[in-house]
Each structure stands twice: as C-alpha cells, then as structure tokens.
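Have a look at the structure below, then the notes.
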Ligand code: CA
C-alpha cells in the first residue's frame with residue numbers, strides 16, 4: 001500500500017475542541033494519535049485519541065454509535081492497543097477518518113457536547129499507560145551518524161562495523177521494562193571494566209548513565225512464522241510512531257557487550273511517549289530515504305524498493321531538553337541540549353521490518369521497534385550524552401553553571417517531536433519524559 005494525503009490532512013479542518021486549533025499544539029484534528037489512558041490511578045484503562053488538551057474516549061464514543069463501523073466495541077475497552085492495531089492499517093485509517101468527522105466543527109459537536117463528561121476528558125486529569133503490551137521489543141542501529149560517533153568513542157579500533165552498510169543492525173531488547181513517559185528511571189547497578197590490565201572489574205551504581213534519542217514504531221497485524229514481510233508490504237505493518245528513549249549505562253555496556261551485544265546496560269529501562277502518531281497522520285511528512293553517499297553499496301535486492309526509496313523516510317524534527325534538580329528548585333526552565341531529525345536514518349522503517357522478518361521471524365501486533373539513536377552530522381545534532389560530551393571528556397555547561405558529562409540523580413530528560421511542512425497543519429508527538437532516581441543499595 002502507499003501512504004497518501006487525503007481530506008483528513010486538509011489544513012482548513014477545525015475541531016470544536018478549541019485547544020485543538022492552537023497552531024503550536026501537538027494534537028490538532030489532523031493528528032489524532034491513539035493511546036491508553038485511565039481517569040486516575042485505579043480506574044480502568046481504555047483507548048483514547050488526543051485532541052487538543054483533551055482525550056476522546058473511544059469506548060464511550062463507540063457505545064454512543066459515533067464510530068459506527070466494523071470495529072467491535074470491546075476492542076476499545078482493552079487495556080492496551082494490541083487488538084486495535086491487529087485490525088490493520090486500512091481499518092485504522094477508516095477509524096481515524098470517523099474520529100476526525102466526530103470531532104470536527106459541525107453537527108456531531110452538539111451531540112458530543114451533550115455527553116461531554118463521558119466522551120472528552122481533560123488530559124491533565126488522566127494517567128497514561130503503555131500503548132501496547134509490547135510482546136517484543138527490538139532496537140535497531142540505523143542512525144549512521146550515531147554509529148560513527150559512538151563507535152569512535154566505544155570501539156575506536158573499528159568505529160563503523162564493516163557490515164553496517166549492508167545489514168540493518170539490531171538486537172532483541174527487553175520488552176518488560178518498556179515504560180510510558182513520566183516514570184522515574186532507577187540508576188542501574190552493574191560491572192564495569194577493570195581500570196588496570198589484569199585488575200578486578202569494578203562494581204556499583206552506573207557512573208555513565210545516558211539517554212538515546214530514537215523513534216519507536218508499532219507493528220500492526222504481523223506475520224506468520226516462516227513468512228517474511230517484503231519492503232513494499234511493510235507499509236501495512238507499521239501502524240504508527242512514538243518517541244523512544246533507550247536509556248543506556250555506558251560503563252556497563254563497554255565491559256559487557258562483547259561478543260553478544262548489550263544486555264544489562266540497556267534492559268533496565270526504555271521510555272516511550274504515550275501517543276502513537278499513526279503512519280496515516282504522518283503522510284504529509286514523508287521524505288525520501290537517506291541519500292547514500294557516493295561509494296556506498298547499493299542495498300541487496302530484498303531491502304530495495306523504489307517507492308520506499310522515494311517516500312520511506314520521515315521528516316520529524318526532534319529536540320532534547322535537560323532539567324536538573326537544582327534548576328527545578330530555582331523554577332528554571334529545562335534547557336534544550338540538542339536538535340535532530342528522523343531523516344538522518346540510514347535505513348527506513350520498512351527496510352527494518354523487511355530485514356527483521358527475512359529469516360521468517362514472526363512479528364506480533366503491538367511489537368515495538370526502535371530505530372536506533374538519531375544523531376545528525378552536525379555537532380548540535382549528537383543525540384546522546386556519550387556523543388555530546390565525548391564520553392564525558394567535554395562536559396556540557398548548563399545555563400546555571402552546572403556541568404554534565406553523563407546524567408546525575410534527579411536529572412530529567414524530555415524528548416519532543418514535531419512535523420512541519422508548508423501547506424499542512426503541524427503535528428506533534430507529546431513528550432517522552434524520564435527522571436533519574438538514585439541506585440538501590442540492595443546489591444552493594
Ligand atoms: Ca539504542
């Protein structure tokens with residue numbers, strides 16, 4: 001299938017939810033991302049759509065017949081979006097259209113306003129949850145500028161692996177510790193390399209705690225074991241995107257990662273933003289796949305598709321903010337430490353899906369796939385502390401004079417993502433936030 005723009009992207013469309021019409025907001029009627037929310041900590045989870053500063057309750061809307069169609073009502077009452085995503089791209093696309101019609105200025109507005117308490121809930125009164133149950137989580141390494149910069153610091157003898165331009169490199173991550181934005185992240189404890197040749201490994205709380213700026217995408221439908229998904233079929237299997245922070249313990253990683261890759265240095269936490277911005281909402285913001293520099297090999301045939309090369313990339317502006325405990329105590333705003341763009345990925349999401357399944361591996365509805373850290377070629381686009389500070393050798397200085405090589409307890413990292421294109425209404429992702437709390441003393 002091809003992802004195209006239609007009337008749902010019309011810049012003239014307005015919602016009767018007035019905050020959705022704020023040009024600086026993340027959630028206009030042209031976006032309509034899916035998420036899982038509850039009205040307080042102990043209330044039941046249900047599926048919702050973000051509109052302005054409100055959440056449109058899909059279960060309630062379905063009960064009132066506002067989404068008349070072929071999606072069974074109970075799908076909206078599930079505690080996660082797996083069953084909704086299993087319906088596939090085409091049915092979700094139709095559903096997004098119906099939701100847009102329900103929220104547009106017009107006759108539905110009156111009907112919804114009458115039942116407003118049931119249908120629209122202020123986001124500020126809700127608790128957000130993981131969008132899916134995350135049956136599996138895979139993390140790619142498709143940011144070539146990150147691979148080069150991090151490689152030069154972690155493995156100077158071999159900065160860019162020789163397979164990099166042939167293989168979309170990835171590892172199987174840990175699904176159980178994927179958490180929704182807003183939670184705290186406990187500093188992990190682990191081993192690190194001996195400081196002298198032949199010495200004992202160090203052990204204790206991680207001293208080089210880091211973030212990685214990535215996009216995450218969710219699988220719709222999936223494939224049967226043994227039955228690969230081609231690049232052109234991949235479009236049907238990528239339902240939407242969130243921001244993803246692949247928290248990393250660099251000292252643990254450097255010591256443990258040979259020969260099987262990262263383990264405890266990554267599995268302690270991964271944060272995702274709560275809203276899944278659909279591939280359909282992103283249609284106006286597609287971009288060509290990254291142009292391969294002169295001399296780079298042409299990908300093998302199973303990774304090459306003309307449409308994907310022309311339209312398989314994404315133009316998403318990304319920003320990272322840091323706030324420290326001291327800054328918050330002084331009511332100082334978080335400071336922007338870098339900007340990047342999702343177009344800096346060497347492999348497209350469709351190529352990642354095709355590669356993931358070429359051996360017959362089965363993806364499941366609701367699986368989460370990380371793109372890898374999205375650094376750009378410029379200094380200000382380096383998308384982890386490791387790269388920004390040259391592994392701590394050149395700490396960054398914050399506006400209040402504090403310095404950071406890596407993250408300290410109390411530090412809070414916030415990601416933001418936004419798509420902007422002439423002629424279209426700009427859409428955003430909502431934030432992906434995590435705050436570092438001190439290590440447990442149990443294992444010391
Ligand atoms: Ca990563």
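Is it the case that some residue within segment 158-168 is outside any loop (DSSP other than H, G, I, E, B) and touching a residue at least 12 places away in the same chain (Cβ under 8 Å)? Walk me through it before giving the result.
As a first pass, look at segment 158-168 and keep what is outside any loop (DSSP other than H, G, I, E, B): none.
No, every residue in segment 158-168 fails to be outside any loop (DSSP other than H, G, I, E, B) and touching a residue at least 12 places away in the same chain (Cβ under 8 Å).
What number of residues within segment 315-340 satisfy the criterion of being more than 15 Å from the ligand (Cβ to nearest atom), within 23 Å of residue 283 (Cα to Cα) and surrounded by 19 or more Cβ atoms within 10 Å (Cβ to Cβ)?
From segment 315-340, those more than 15 Å from the ligand (Cβ to nearest atom) are 315-317, 319, 321-339; that's our starting set.
If we keep only those that are within 23 Å of residue 283 (Cα to Cα) as well, we get 315-317, 319, 339.
From what's left, surrounded by 19 or more Cβ atoms within 10 Å (Cβ to Cβ): 316.
Residues flagged as more than 15 Å from the ligand (Cβ to nearest atom), within 23 Å of residue 283 (Cα to Cα) and surrounded by 19 or more Cβ atoms within 10 Å (Cβ to Cβ) within segment 315-340 amount to 1.
From the set of residues in segment 254-272 that are assigned to a loop (DSSP other than H, G, I, E, B) and away from the ligand (no atom under 16 Å from the Cβ), which is surrounded by the fewest Cβ atoms within 10 Å (Cβ to Cβ)?
259
So, in segment 399-442, how many residues would count as being within 16 Å of residue 321 (Cβ to Cβ) and in a loop (DSSP other than H, G, I, E, B)?
Our first condition is that a residue be within 16 Å of residue 321 (Cβ to Cβ); within segment 399-442, this holds for 399-400, 402, 404, 407-408, 410-418, 428-436.
Within this subset, residues satisfying the condition of being in a loop (DSSP other than H, G, I, E, B) are 399-400, 402, 407-408, 410-411, 429-431.
Matching residues across segment 399-442 total 10.
Which of the residues belonging to segment 400-420 are in contact (Cβ under 8 Å) with a residue 40 or more places away in the chain and loosely packed, with under 14 Cβ neighbours inside 10 Å?
400 - this is the single residue of segment 400-420 that is in contact (Cβ under 8 Å) with a residue 40 or more places away in the chain and loosely packed, with under 14 Cβ neighbours inside 10 Å.
Considering only residues of segment 215-229 that are surrounded by 24 or more Cβ atoms within 10 Å (Cβ to Cβ) and in a loop (DSSP other than H, G, I, E, B), which is modelled with the lowest pLDDT?
So in segment 215-229, the residues surrounded by 24 or more Cβ atoms within 10 Å (Cβ to Cβ) come out as 215-220, 229.
Retained after the next criterion (residues that are in a loop (DSSP other than H, G, I, E, B)): 220, 229.
Numbers: 220: 95, 229: 98.
My answer is 220.
Just wondering, is there one or more residues in segment 97-120 that are modelled with pLDDT under 95, under 26 Å from residue 415 (Cβ atoms) and assigned to a loop (DSSP other than H, G, I, E, B)?
Scanning segment 97-120 turns up no residue that is modelled with pLDDT under 95, under 26 Å from residue 415 (Cβ atoms) and assigned to a loop (DSSP other than H, G, I, E, B).
Based on what the data block shows, is residue 175 closer than 21 Å to residue 215 by Cβ, assigned to a helix (DSSP H, G or I) and touching a residue at least 40 places away in the same chain (Cβ under 8 Å)? It would help to see each step written out before you state the result.
Working: closer than 21 Å to residue 215 by Cβ: yes; assigned to a helix (DSSP H, G or I): no; touching a residue at least 40 places away in the same chain (Cβ under 8 Å): yes.
For residue 175, the condition - closer than 21 Å to residue 215 by Cβ, assigned to a helix (DSSP H, G or I) and touching a residue at least 40 places away in the same chain (Cβ under 8 Å) - is not met.
In segment 273-287, which residue that is touching a helix residue (DSSP H, G or I) at 6+ places or on another chain (Cβ under 6 Å) and outside any strand (DSSP E or B) is surrounded by the most Cβ atoms within 10 Å (Cβ to Cβ)?
280
So which of 240, 182, 204 is within 28 Å of residue 317 (Cβ to Cβ), modelled with pLDDT of 95 or more, more than 16 Å from the ligand (Cβ to nearest atom) and surrounded by fewer than 19 Cβ atoms within 10 Å (Cβ to Cβ)? Spell out the reasoning first.
Numbers: 240 fails: surrounded by fewer than 19 Cβ atoms within 10 Å (Cβ to Cβ); 204 fails: within 28 Å of residue 317 (Cβ to Cβ).
It is 182.
Any idea which of 23, 28 is more than 15 Å from residue 102 (Cα to Cα) and in a loop (DSSP other than H, G, I, E, B)? Before the answer, list the steps.
On the way: 28 fails: more than 15 Å from residue 102 (Cα to Cα).
One residue alone meets the criteria, 23.
Test residue 194 against the criterion of being assigned to a loop (DSSP other than H, G, I, E, B), away from the ligand (no atom under 16 Å from the Cβ) and within 22 Å of residue 308 (Cβ to Cβ), and give yes or no. Let's see the steps before the verdict.
Working: assigned to a loop (DSSP other than H, G, I, E, B): yes; away from the ligand (no atom under 16 Å from the Cβ): yes; within 22 Å of residue 308 (Cβ to Cβ): no.
The answer is no for residue 194.
Matching residues to (1) surrounded by fewer than 23 Cβ atoms within 10 Å (Cβ to Cβ); (2) over 30 Å from residue 306 (Cα atoms); (3) at pLDDT below 95:
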| site | (1), (2), (3) |
| --- | --- |
| 3 | yes, no, yes |
| 35 | no, yes, no |
| 64 | yes, yes, yes |
| 72 | yes, yes, yes |
| 95 | no, no, no |
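Here are 260, 304: which of them is without any contact (Cβ under 8 Å) to a residue 24 or more places away in the chain and more than 22 Å from the chain's Cα centre (by Cα)? Quick ask: steps written out before the conclusion?
On the way: 304 fails: without any contact (Cβ under 8 Å) to a residue 24 or more places away in the chain.
Answer to the check: 260.
Just to be sure, is residue 249 touching a residue at least 12 places away in the same chain (Cβ under 8 Å), surrounded by 24 or more Cβ atoms within 10 Å (Cβ to Cβ) and within 16 Å of the ligand (Cβ to nearest atom)?
Numbers: touching a residue at least 12 places away in the same chain (Cβ under 8 Å): yes; surrounded by 24 or more Cβ atoms within 10 Å (Cβ to Cβ): yes; within 16 Å of the ligand (Cβ to nearest atom): yes.
Yes: the conditions hold for residue 249.
Residue by residue through segment 7-20, note down the ones that are touching a residue at least 60 places away in the same chain (Cβ under 8 Å) and part of a loop (DSSP other than H, G, I, E, B).
11, 13, 14, 16, 17 - these are the residues of segment 7-20 that are touching a residue at least 60 places away in the same chain (Cβ under 8 Å) and part of a loop (DSSP other than H, G, I, E, B).
When you scan segment 147-167, do you find a residue that is in contact with a strand residue (DSSP E or B) (Cβ under 7 Å, 6 or more places away or on another chain) and within 13 Å of the ligand (Cβ to nearest atom), even just one? Even if it seems obvious, please write down each step before you answer.
Going residue by residue through segment 147-167, those that are in contact with a strand residue (DSSP E or B) (Cβ under 7 Å, 6 or more places away or on another chain) are none.
No, segment 147-167 has no match at all.
The values are calculated or read from the model by the stated rules, or taken from the named source; none is laboratory data. Remember, predicted model here, so these are calculated numbers, not experimental data. Reconstructed Cβ throughout: ideal geometry from the backbone, glycine too, with neighbour counts over all protein chains shown.
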